[in-house]
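Visitor: Mind having a look at this structure? Questions to follow.
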Amino acid sequence: MPEIKVTPLGAGQDVGRSCILVSIGGKNIMLDCGMHMGYNDDRRFPDFSYVTQNGRLTDFLDCVIISHFHLDHCGALPYMSEMVGYDGPIYMTHPTKAICPILLEDFRKITVDKKGETNFFTSQMIKDCMKKVVPLNLHQTVQVDDELEIKAYYAGHVLGAAMVYIKVGSESVVYTGDYNMTPDRHLGAAWIDKCRPDILISESTYATTIRDSKRCRERDFLKKVHESIERGGKVLIPVFALGRAQELCILLETFWERMNLKAPIYFSTGMTEKANHYYKLFITWTNQKIRKTFVQRNMFEFKHIKAFDRSYADNPGPMVVFATPGMLHAGQSLQIFKKWAGNEKNMVIMPGYCVQGTIGHKILNGQRKLEMEGRATLDVKLQVEYMSFSAHADAKGIMQLIRMAEPRNMLLVHGEAAKMEFLKGKIEQEFSIDCYMPANGETVTVKTNPSVPVDMSVNLLKREMALGGPLPDPKKPRSMHGTLIMKESSLKLVSSEQALKELGLNEHQLRFTCRVPLQDPHSDSETLHRIYTHLKSLLKGYTIQHLPDGTVMVESIVVKVSSSAEDANAKILLLSWSYQDEDLGSFLSSVLKKGLPKM
Amino acid sequence: MESSEFEDALDEWFIESLTAYKDLHVYQLEHPTQVIEWTSGKTVCVAGYGSSKNQLLELRLPLKLFAEENKGLCAERDFKLLHGGFSEGPVGCLRHVPASRLIVTNDGQGTDLQVWDLGGDDSDVIRRTGTVKGRESAPQRGSRIAASPSSSPQVLHGAESSSVQLTHLTSGQSLYKLETDTSDPLNSLQFTSDAVFLAGCSNGRIYMADTRVSAAPQMSPPPASSGQSAVWWTDATADPQQASCRVVRLSSSGHAVVSDLRKLGEAVCQAQLDIHCSSDNVTVSWAPRRNYISVSGFSGVVEIYDTCDWRMELRRVRPLFQHRGHEVSCRQADGCDPVCITAHVWHPERPQTLLSTATDGSVHVWDWVEPDSKGPESKSEPSL
């Protein structure tokens, strides 16, 4: 039976790292290769022993596909490709290819330089890994090899995030990565066509939530900024150069304009050029509004937002500063933080997740005293605010996506099965499809029912049509007889005669004969006539003939009468029929065995 | 409304909300609900009212709302779906049985009740466990339900004053029946103590009875009002700290009357609210431990009134606070009906927190800020 196997790698119930193995049509594909951000040891890497117990993965994987640049989806990629060993193609979208190495290098710096870890990938490994990347465009079918093809769809969520459609023969799978179904200020909503994959694989981390609206999150952000500014405090917003920063800048600009606020807003140097560069390159990945704005002006030419100079940090009075890097682990944002941390009127707003070991992570865990270089301690007196702006699909979003793609089966990863029985029930009820929820490390086998398209010979088609009945209808299957010829990659259905001709074989004819004893005092020809009359009355609707050569024909079945030499009354009925008339022949013989009706 | 105009109106309200609310959360359910019922200090139940299959959901409010110290470090703003189940028909009324994991529902059409087990940590499915039969044979409308505060699981239910009964959930036994002379359709059933309850009829009558005694109930006629064919809604305070229990009655013409439970026939104070249309899903509710009354169901707005401003003479009053979030979020450009509030509740402990839901499936959780003391404009106008 054809089937697709899916295994989310990991152990136990841990969430926070994506790495899924799919076996489809004889191909093995790895979807995402994330790092678990909560562990400090080898548990942070996926367990590749599922692929092979020892050695390199190249022979066991046909390709690796990365959905987007978040570390829990690509953080273990250099480890996998350079330290475990994989030389095959790694597919990701253009923006992901450009941004991944930056995040990986940042991450490597924090882990190795700051925390002094040793079993970790090097800068060179990141470079070598990225050399294996084959970039994808949206909606463009890419042939990985003769049989495997993939296509990327827009996922929203972050710049360059994609959902991937994977097809081998007539079996297919769609993997969503992280996605969202509601557009925001700088990215659109995920979209996919009615591709009807055999399986739709989706994360279920947020499947049991109902998300608070974007506007309320923004409101909270504006409220906090406004409150700090009003009391004369300074607000630091550490950001990664791309994505969220633009969105928050636009938000503040609109708010400042509306409220006629005077406090200065700055973004740190280095942010502008990089962000502009990337946005120019990937303009197709942002939404309509940004595109229009960008065409009209430079991404960072705001009325109220200006470029930062490090000396401004000492200026008195309120101000807002966007500075990199995002986790306060180095650079300008950390410098500013050190200056402002001691004043309780000030505020730092962390708009995203911070990796363990960074200052960002420590203050988000409530630490109020930090150990800095040279044994100096820093008292954290300013207000710390953690705000999550990341766009994820919730329960409603998952249902919307299923409605869009119309998969035959649903598979949810990274959730607790006991906590998702209701969602499973909802999906099964509304869409009448099975919903699987494998635990990490568990393999799910989904049976598929692929339709195999086959050419049919005209003769055979004509014969089938001649049998009457309705025209071919894909919703009403009909069975028919024929011979399937498989030549190279073509499949053709022909009639048996044609097949025999092509193969140069003679058709064998199968004929059955049956002898039925009968007691009848009449002559042979009279007995035959009696049989004829009997059958004619019994088998109405059939062609029954009494031929001059002394036989009765029922359709193409021959009936003869002969008698024994010793006893003229002991008749032998000879029935003969071909294989095609087996049913009727058997019926006739059983009828005649019962004898003839009395005259 | 142009798309950009709509966006601006929305932004305007959000800008105002910066000072008007301490916390604000806006959610969108897949299907609208007519019921919100607390199942604990942090969880509520909602349920759909479509004609065929509907979902019952138990939701946990966002953790950020409850974080006191270190509120800034909590980024959790979402509802968590704790348990869910399916109902064969619509849910018109839903009550939680105190100190249990049971809820009781009615479909708003018949008088039978469905009993459900919300479930614990081991499963997230809400399961149907039984049925309670109602008294009427041919009801015009669904039953109202009140869960008894007593320790054993009992519910008071009925669609009309003549068919109210108290049923023990486990045994199915009928423990008490309200006997009245007339059969008035009910708009509310409410316990004011362990055994004393009020049956609020839609014609404005209130019956007060004690489930422990078989004496005839006390009946209080509707307040004298200009609108003869008015429909009335009732709510009583359940405040253990108050010296006495107060009852408010609101008519469909906007006439609100406050009485003391011990003297229902007399008005303590009254007011004329600005209400124009009639509705099915009206909620009038006392704030826990305060003199505020909230009203919803006539439009897309929830209004809060301070009854301390109300007098013996009937005067027009203006609300202390209006939650316009649902109304502002509704896209009138689409040609759909304007949104209408279907239910709202106060949080039992947090004095400023309310939940409200509307016909478009929106659910808001809001923590409103008391407006500043009255300025030059007074909140009430000269007597009528």
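Visitor: About its Cα centre, how strong a charge dipole does the range B:80-221 have in debye, to the nearest 20, once Lys and Arg get +1 and Asp and Glu get -1 at the Cβ?
Guide: Using Cβ point charges on Lys, Arg, Asp and Glu, the range B:80-221 gives about 60 debye.
Visitor: Packing-wise, with mean Cβ within 10 Å as the measure, how do A:350-363, B:50-63, A:427-440 rank, highest first?
Guide: A:350-363, B:50-63, A:427-440
Visitor: Now a separate question. Output the Cα-based Rg and Dmax of chain B in Å, rounding Rg to one decimal and Dmax to a whole number.
Guide: Expressed in Å, the Cα Rg and Dmax of chain B come to 20.7, 64.
Visitor: In whole Å, how far is the Cα centre of the range B:190-231 from that of the range A:372-404?
Guide: When both Cα centres are located, 52 Å separates them.
Visitor: If all Cα-Cα distances of the range B:110-254 are sorted into 10 Å bins from 0 onward, what percent lands in each bin, rounded to whole numbers?
Guide: Per 10 Å bin, starting at 0, the Cα pair percentages come out as 11, 38, 33, 14, 3, 0.
Visitor: If I fit a long axis through the Cα atoms of helix A:271-281 and take the longest principal axis of the Cα atoms of chain A, what angle between them do I get, 0 to 90°, rounded to 10?
Guide: 20
Visitor: Tell me, what HN-Hα J-couplings in whole Hz come from the Karplus equation 6.51 cos²θ - 1.76 cosθ + 1.60 at θ = phi - 60° for each residue of the range A:318-333, using x for Gly and Pro?
Guide: x, 6, 10, 10, 8, 9, 9, x, x, 10, 6, 8, 6, x, 5, 4
Visitor: Hey, rough spin-label estimate for B:S150 and B:H276, points 7 angstrom out along Cα→Cβ, what's it come to in nanometres?
Guide: 4.8
Visitor: Taking the Cβ-Cβ separation of A:N315 and A:S123 as r and a Förster radius of 41 Å, what is the calculated FRET efficiency to the nearest 0.05?
Guide: 0.65
Visitor: With each label point set 7 Å from Cα along the Cα-Cβ vector, what nm distance links A:I433 and A:I572?
Guide: 6.7
Visitor: Taking amide H positions as placed in the peptide plane 1.01 Å from N, state which residues far from B:G50 in sequence (5 or more) or on other chains have amide H under 5 Å from it.
Guide: B:V91
Visitor: Quick one: helix A:244-259 against the long Cα principal axis of chain A, what's the angle to the nearest 10°, folded into 0 to 90?
Guide: The angle comes out near 60 degrees.
Visitor: In addition: Note the angle between two axes, namely the Cα long axis of helix A:94-108 and the longest principal axis of the Cα atoms of chain A, as a number of degrees from 0 to 90, rounded to the nearest 10.
Guide: 50
Visitor: Distance from the Cα centre of the range A:414-449 to that of the range A:515-567, in angstrom?
Guide: 66
Visitor: While we're here: Which distance in nm do the two modelled labels at A:T443 and A:K487 give, with both placed 7 Å along the Cα-to-Cβ direction?
Guide: If labels sit at A:T443 and A:K487, their model points lie 3.8 nm apart.
Visitor: If you don't mind, there's one more thing I want to ask. Enter the mean number of other protein chain beta carbons within 10 Å of the beta carbon of each residue in B:361-368, as an integer.
Guide: Per residue, the number of nearby Cβ atoms from other chains is 1 on average.
Visitor: I would also like to ask the following. Radius of gyration and Dmax for the range A:409-498's Cα atoms, expressed in Å?
Guide: That works out to 21.2, 60 Å for Rg and Dmax.
Visitor: Give me the percent relative contact order of the range B:80-221, please, defined on Cα pairs under 8 angstrom at least 6 residues apart.
Guide: 15 percent.
Visitor: While we're on this one: Sequence-distant or interchain residues sharing an amide H contact under 5 Å with B:Y21, placed H: which?
Guide: HN-HN under 5 Å from B:Y21: B:V369.
Visitor: How about A:K536: which lysines have a C-alpha closer than 18 Å to its C-alpha, ignoring those fewer than 8 places off in the same chain?
Guide: A:K560, A:K593, A:K594, A:K598
Visitor: OK, next. Quick one: which residues, 5 or more positions from B:L175 or on another chain, have an amide H under 5 Å from its amide H? H modelled 1.01 Å from N in the peptide plane, none for Pro or chain starts.
Guide: Amide H neighbours of B:L175: B:L166, B:T167, B:H168.
Visitor: Across chain A, what fraction of all alpha-carbon pairs, as a whole percent, falls in each successive 10 Å bin from zero upward?
Guide: Once binned at 10 Å, the Cα pair distances of chain A give 3, 13, 19, 17, 12, 8, 6, 6, 5, 4, 3, 2, 1, 0.
Visitor: Beyond 15 Å, how much of the Cα-Cα pair distribution for the range B:173-286 remains, as a whole percent?
Guide: The answer is 64 percent, as a whole percent.
Visitor: FRET efficiency for A:K5 and A:N54, Cβ-Cβ distance as r, R0 = 22 Å, nearest 0.05?
Guide: 0.55
Visitor: Could you tell me the distance between the Cα centroids of the range B:253-301 and the range B:31-94, to the nearest Å?
Guide: Computed from Cα coordinates, the inter-centre distance equals 26 Å.
Visitor: About its Cα centre, how strong a charge dipole does the protein assembly as shown have in debye, to the nearest 20, once Lys and Arg get +1 and Asp and Glu get -1 at the Cβ?
Guide: It comes to approximately 780 debye.
Visitor: Please average, across the residues of A:213-226, the number of beta carbons from any other chain that are within 10 Å of each residue's own beta carbon, and give a whole number.
Guide: Mean shielding by partner chains, rounded to a whole number: 5.
Visitor: At a Förster distance of 56 Å, what's the computed FRET efficiency of A:L584 paired with A:E406, Cβ-Cβ distance as r, to 0.05?
Guide: The calculated FRET efficiency here is 0.75.
Visitor: Considering Cα pairs under 8 angstrom that are at least six residues apart, work out the relative contact order of chain B and quote it in whole percent.
Guide: Relative contact order for chain B comes out at 13 percent.
Visitor: With the contact rule set at Cα under 8 Å and sequence spacing of 6 or more, what percent relative contact order holds for the range B:5-112?
Guide: 21
Visitor: Enumerate the calculated ³J(HN,Hα) couplings along the range A:136-146 in order (Karplus 6.51 cos²θ - 1.76 cosθ + 1.60, θ = phi - 60°), each rounded to whole Hz, writing x wherever the residue is Gly or Pro.
Guide: Residue by residue, the range A:136-146 yields 10, 9, 5, 6, 10, 6, 10, 8, 6, 8, 4 Hz.
Visitor: Right, something else. Determine the calculated [θ] at 222 nm for the protein assembly as shown from helices alone, applying -39500 (n - 2.57) to every DSSP H run no shorter than 4 residues and normalising by the residue count; nearest 500 deg cm²/dmol.
Guide: Using -39500 (n - 2.57) per qualifying helix, the result is -5500 deg cm²/dmol.
Visitor: Quick one: Karplus J couplings for the range B:352-367, per residue in order, coefficients 6.51, -1.76, 1.60, θ = phi - 60°, nearest Hz, x for Gly and Pro?
Guide: Coupling constants for the range B:352-367: 9, 9, 10, 10, 9, 10, 9, 5, 8, x, 7, 10, 10, 10, 9, 10 Hz.
Every number in this text was worked out from the coordinates using simple rules, so none of it is lab data. All of these numbers come straight from a predicted model, not from anything done at the bench. Here Cβ is always computed from backbone atoms with ideal geometry, including for glycine, and neighbour counts include all displayed protein chains.
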